[in-house]
Amino acid sequence: MTELEHLYQTMFSSVVRFLYRKVWDQDRAEDLAQEVFIRAMAHNPEKPRAWIFAVAANLARDEARSAIRRRKHLTLLTNDPVTLARPDAMADETMEHDEAMAQVHEALAALSPRDREVLLLWDAGMSYQEIAEQTSLAVGAVGTTLARARRRLVEAHDQNESGRHAARS
């Protein structure tokens, strides 16, 4: 088994999770993760773990730009959003899941790009050393930045929640 095959087997799910939290679409995250490993085969990077997450972050950023362009294009084509009919129980469960994911997405979006990146890299299973290499932070600053990012994520989520409850009242 080659080093890249071993990395694929051990890291694929972490890369998918990292990408999912950036693109919020499981199928697209899996496709992008496949692309990351295809590129890794072609480039044979010196530090493959850090390289894989750097490429994943770049692909996610490109995907976000493409999604914005697609939305703008679709907005020009139609004025009415298309709604799909679902059975009631499934619709309720899906709606609750979508609402929870939207809350997480909003809280992550409220973070600074650096805090969000450090948090997502840590969540993807990267070590402090790897996060430092990826973000150009000092290794000693990673823990502090991560703790601050976690606190800010909770605060953003709580603030969004209190805003929702106030709006409902």
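Restricting to the stretch 1-37, name every residue that is free of Cβ contacts under 8 Å to residues at least 40 places away in the same chain, outside any helix (DSSP H, G or I) and within 11 Å of the chain's Cα centre (by Cα).
D25, the sole residue that qualifies.
In the stretch 4-15, is there at least one residue being within 25 Å of L111 (Cα to Cα) and either touching a helix residue (DSSP H, G or I) at 6+ places or on another chain (Cβ under 7 Å) or not small (G, A, S) (or both)?
yes
Each row is one residue, and each column tells you yes or no for (1) more than 24 Å from S127 (Cα to Cα); (2) at pLDDT 85 or above; (3) loosely packed, with under 11 Cβ neighbours inside 10 Å; (4) assigned by TED's automatic domain parsing to the domain that holds S127.
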{"site": "Y20", "(1), (2), (3), (4)": "no, yes, no, no"}
{"site": "V36", "(1), (2), (3), (4)": "no, yes, no, no"}
{"site": "A56", "(1), (2), (3), (4)": "no, yes, no, no"}
{"site": "L77", "(1), (2), (3), (4)": "yes, no, yes, no"}
{"site": "V104", "(1), (2), (3), (4)": "no, no, no, yes"}
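Say we look at the stretch 94-122 and pick out the residues that are within 10 Å of the chain's Cα centre (by Cα) and charged (D, E, K, R); which of these is farthest from S13 (Cα to Cα)?
R116
Among all residue pairs at least 6 apart or on different chains, which show Cβ distances below 8 Å where the first residue, located in the stretch 38-49, is surrounded by 16 or more Cβ atoms within 10 Å (Cβ to Cβ) and the second is assigned to a loop (DSSP other than H, G, I, E, B)?
Here the result reads R49/M126, each pair linking the stretch 38-49 to a residue that is assigned to a loop (DSSP other than H, G, I, E, B).
The values are calculated or read from the model by the stated rules, or taken from the named source; none is laboratory data. Keep in mind it's a predicted model, so treat the numbers as computed, not measured. Virtual Cβ from ideal backbone geometry, glycine too; neighbours counted across all protein chains shown.
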